[in-house]
1. Filtering region 95-104 down to residues that are outside any loop (DSSP other than H, G, I, E, B) and not β-branched (Val, Ile, Thr), which residue is surrounded by the most Cβ atoms within 10 Å (Cβ to Cβ)?
2. Considering only residues that are of a type in the set (S, T, N, Q), closer than 19 Å to Val107 by Cβ and at pLDDT below 75, which ones fall in region 1-57?
3. Against the conditions (1) open to solvent by 10 Å² or more (accessible area, probe 1.4 Å); (2) farther than 18 Å from Ser170 by Cβ, where does Glu88 fall short? Just the number, please.
4. If you take the residues of region 285-323 that are surrounded by 18 or more Cβ atoms within 10 Å (Cβ to Cβ) and of a type in the set (A, V, I, L, M), which of them is modelled with the lowest pLDDT?
5. Considering region 261-284 alone, what residues qualify as being over 14 Å from Gly229 (Cα atoms), modelled with pLDDT of 90 or more and acidic (Asp, Glu)?
6. Looking at Leu79 and the list (1) more than 18 Å from the chain's Cα centre (by Cα); (2) within 25 Å of Asp164 (Cα to Cα), which single condition is not satisfied?
7. Between a residue in region 95-110 that is in contact (Cβ under 8 Å) with a residue 12 or more places away in the chain and hydrophobic (A, V, I, L, M, F, W, C) and any residue that is assigned to a loop (DSSP other than H, G, I, E, B) and surrounded by 10 or more Cβ atoms within 10 Å (Cβ to Cβ), which pairs come within a Cβ distance under 8 Å, given they are 6 or more apart or on different chains?
8. Test of understanding: among Asp162, Asp113, which residue is within 18 Å of Lys238 (Cβ to Cβ) and at pLDDT below 95?
Amino acid sequence: KMDFLCEIVQALVALAALGFIVLLVLAHLTAGMVNMMRHEKEKYFLTATGEKRLFPSLHDPHSRELSVVVPAYNEELRLPVMMDEAMEYLENRQKQNPSFTYEVIVVDDGSKDKTTEVALRYTRKYSADKVRVLTLVKNKGKGGAVRMGTLGSRGKVILMADADGATKFSDIEKVEAGLNDLNPKPENMAISCGSRAHLEKESVAQRSLFRTFLMYGFHFLVWFFCVKGIKDTQCGFKLFTREAALKTFSSLHVEQWAFDVELLYIAQCFKIPIAEVAVNWTEIEGSKLVPFWSWLQMGRDLVFIRLRYITGAWKLQSPHKTD
């Protein structure tokens with residue numbers, strides 16, 4: 001009987017080892033490379049009068065205090081609420097402190113609705129110096145949209161903010177304080193992440209058992225495979241120094257929902273200090289996440305992120321200028 005049990009255990013171990021090898025090979029063979037090429041149309045933004053102007057490069061020295069990058073896919077309905085709140089805050093801040101300069105870059109991620117037209121209203125109202133719209137020819141995914149906007153930004157610090165306005169925009173002051181507390185000198189490398197971890201108990205009480213199970217499973221995979229010490233990797237409110245953005249986005253491969261995890265994994269590999277700061281957050285209707293399939297896709301991406309770096313299919317890049 002014991003021999004039979006030993007044989008079963010050995011068979012299971014062999015099967016697990018075989019499965020892991022197959023997974024490694026699959027992860028390696030299906031690994032895509034970093035793609036920072038722009039379509040010709042994506043190199044330009046429109047001014048308030050409709051003229052085409054070339055986007056600058058993240059490699060250039062900063063010329064604004066703050067860049068806000070807003071990825072937007074089919075957001076014609078939710079975007080105005082977020083933009084009204086953000087622009088009111090930014091304009092008031094500039095009135096109180098005239099030396100404060102900013103820009104907002106709305107990245108339309110290949111939307112099928114009128115997201116670009118809605119965003120361009122803000123260009124006409126505030127000027128293209130303050131609001132620029134980058135319209136992607138094809139849908140890349142949230143990570144791809146954030147990267148494309150960041151690569152064309154001018155800010156000394158760069159904030160990634162979701163188009164749904166789930167995070168109160170004035171909480172930028174909290175993530176700024178978190179960034180400054182890291183004291184990013186001399187290389188000026190630092191990232192400050194907005195976090196909803198303090199809201200977790202409340203959200204668990206409102207969620208179904210299945211969704212709670214998926215959430216904890218995702219947290220475990222993040223911790224086990226990729227990022228240690230950050231409770232909420234997925235909050236779409238993150239502030240980067242320009243240098244940290246260049247370093248991390250130059251190596252980013254994942255363009256879908258799990259891109260935040262790879263970004264923070266890259267940052268930890270480069271030993272870039274990361275702060276996690278509690279922010280106000282409200283769930284807004286109209287999420288593009290399909291609960292089960294999105295969690296499943298993110299879980300697969302998490303496992304593959306780690307395996308692809310292990311096998312050498314993906315490597316950490318040195319920032320270099322791209323077309």
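The values are calculated or read from the model by the stated rules, or taken from the named source; none is laboratory data. On a predicted model such as this, the values are computed, not experimentally measured, just so you know. All Cβ positions, even for glycine, are placed from backbone atoms using ideal geometry, and neighbour counts span all protein chains on display. Remember, those area values only see protein heavy atoms, side chains included, never the ligands or the DNA or RNA. Shrake-Rupley method; radii C 1.70, N 1.55, O 1.52, S 1.80 Å.
1. We begin by selecting, within region 95-104, every residue outside any loop (DSSP other than H, G, I, E, B); these are 95-96, 102-104.
This time we only want the ones that are not β-branched (Val, Ile, Thr), so: 95-96, 102-103.
Working: Lys95: 9, Gln96: 8, Tyr102: 22, Glu103: 25.
It comes out as Glu103.
2. Residues of region 1-57 that are of a type in the set (S, T, N, Q), as a first pass: 10, 30, 35, 47, 49, 57.
Restricting the remaining residues to those that are closer than 19 Å to Val107 by Cβ gives 35, 47, 57.
Within region 1-57, just Asn35 meets the criteria.
3. Condition (2) is where Glu88 drops out.
4. Met298
5. Glu262 - this is the single residue of region 261-284 that is over 14 Å from Gly229 (Cα atoms), modelled with pLDDT of 90 or more and acidic (Asp, Glu).
6. Status for Leu79: all satisfied but (1).
7. If the second residue must be assigned to a loop (DSSP other than H, G, I, E, B) and surrounded by 10 or more Cβ atoms within 10 Å (Cβ to Cβ), the pairs left are Val104/Lys130; Ile105/Gly152; Ile105/Ser153; Val106/Ala163; Val107/Leu136.
8. Values: Asp113 fails: within 18 Å of Lys238 (Cβ to Cβ).
Of Asp162, Asp113, the one residue that is within 18 Å of Lys238 (Cβ to Cβ) and at pLDDT below 95 is Asp162.
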